[in-house]
Amino acid sequence: MTIGQVTTGTANAPVSTGPLTARVAVLGATGYAGGEFARLALAHPGITLDALVARALAGQELEAMLPGIDPRALAGGGPARVDFDGLLERIEGGTVDTLVIALPHGAWTALLAERPALARAAEGLRLLDLWSDHRDGSAGYVYGLPEAYRDTLLMRLVEGMSGAEIAERSGLTPASVRVNLHRGMKLLREHLGAS
Ligand SMILES: NC(=O)c1ccc[n+]([C@@H]2O[C@H](COP(=O)([O-])OP(=O)(O)OC[C@H]3O[C@@H](n4cnc5c(N)ncnc54)[C@H](OP(=O)(O)O)[C@@H]3O)[C@@H](O)[C@H]2O)c1
């Protein structure tokens, strides 16, 4: 998985003051990878699955899209089912701070070229890439940096938080924060080609 273009503290992705959570839209939710991610997200306590996105989702029943899903996971109507216009509305409405992109190779890049407003809106979001457009680590994307290291590094390097502050924000023990920082910095140095 590639994780890229992380921005914190924007209108779309306000800096959290509590335990880390993500408000997620899954792009390509009618496909295999997107559907499997949606199942995991519905069971994850740190994820609010805000929307399932594909080109023709109108009228689709959630149970048909996610066969065998525990109906309790869909309490309250479950995530919205929207096309890419609907996704833009949800981003602008502030209910999404993370996009999980499970589209065929090249489709996301093509969408951004066709939809400048979506491209601008996505700039403020956290993007998780299940596709392969950036597996060479290009354009600011970091390939395979685990989420725990990434969030801890962001709090240290972008927000300037101390180890104790990171522990309080994330719920990790101070020892785990130190381990995440050490391993995350090692991965980043390797990625950047630094010794
Ligand atoms: N399958 C795996 O085991 C697996 C594992 C890891 C990573 N991946 C990666 O995940 C990505 C998706 O793979 P998949 O196997 O889940 O594919 P898939 O089953 O064919 O699903 C593709 C999804 O993308 C949408 N889509 C197709 N063409 C599109 C376009 N031009 N513009 C916008 N949306 C489009 C489809 O929805 P609509 O046609 O309804 O819009 C569908 O929801 C690929 O990049 C793949 O490399 C797959």
(request) Being part of a loop (DSSP other than H, G, I, E, B), more than 15 Å from Arg90 (Cβ to Cβ) and within 11 Å of the ligand (Cβ to nearest atom) is the filter here, so list the residues in segment 102-128 that pass it. (result) Ala102, Leu103, Pro104, His105, Gly106
(request) Restricting attention to segment 23-64, report how many residues are among the basic types (Lys, Arg) and either within 13 Å of the ligand (Cβ to nearest atom) or surrounded by 23 or more Cβ atoms within 10 Å (Cβ to Cβ) (or both). (result) 2
(request) Sort out for me the helices (runs of 4 or more DSSP H) sitting completely within segment 1-94 that have 2 or more residues that are modelled with pLDDT of 80 or more and not aliphatic (A, V, I, L, M). (result) 32-42, 84-92
(request) Would you please list the contacts, defined by Cβ atoms under 7 Å and residues six or more apart or on different chains, that run from a residue in segment 38-55 that is in the same structural domain as Leu87 (by TED's automatic domain parsing) and over 23 Å from Asp85 (Cα atoms) to a residue that is assigned to a loop (DSSP other than H, G, I, E, B) and within 16 Å of the ligand (Cβ to nearest atom)? (result) Arg39/Leu66
(message) Name the single residue that is nearest to the ligand (Cβ to nearest atom) among those in segment 75-101 being surrounded by 13 or more Cβ atoms within 10 Å (Cβ to Cβ) and more than 19 Å from Gly31 (Cα to Cα).
(response) Leu88
(message) Looking only at residues that are touching a Lys or Arg at 6+ places or on another chain (Cβ under 7 Å) and of a type in the set (A, V, I, L, M, F, W, C) in segment 162-184, which one is nearest to Thr21 (Cα to Cα)?
(response) Ile166
(message) Looking at segment 151-169 only, could you name the residues that are touching a residue at least 40 places away in the same chain (Cβ under 8 Å) and assigned to a helix (DSSP H, G or I)?
(response) Asp151, Leu154, Val158, Arg169
(message) Return the pair list, or none, for Cβ contacts closer than 7 Å from residues in segment 170-182 that are of a type in the set (A, V, I, L, M) to residues that are not in a helix (DSSP H, G or I), at least 6 apart or on different chains.
(response) none
(message) Restricting to segment 60-101, give me the number of residues that are over 22 Å from Arg126 (Cβ atoms) and basic (Lys, Arg).
(response) 1
(request) Kindly list the number of the only condition in (1) in contact (Cβ under 8 Å) with a residue 24 or more places away in the chain; (2) away from the ligand (no atom under 16 Å from the Cβ) that fails for Trp131. (result) (2)
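The values are calculated or read from the model by the stated rules, or taken from the named source; none is laboratory data. Note that the structure is predicted; figures quoted are calculated from it, not measured. As a convention, Cβ positions derive from the backbone with ideal geometry for all residues, glycine included, and neighbour counts pool all protein chains shown.
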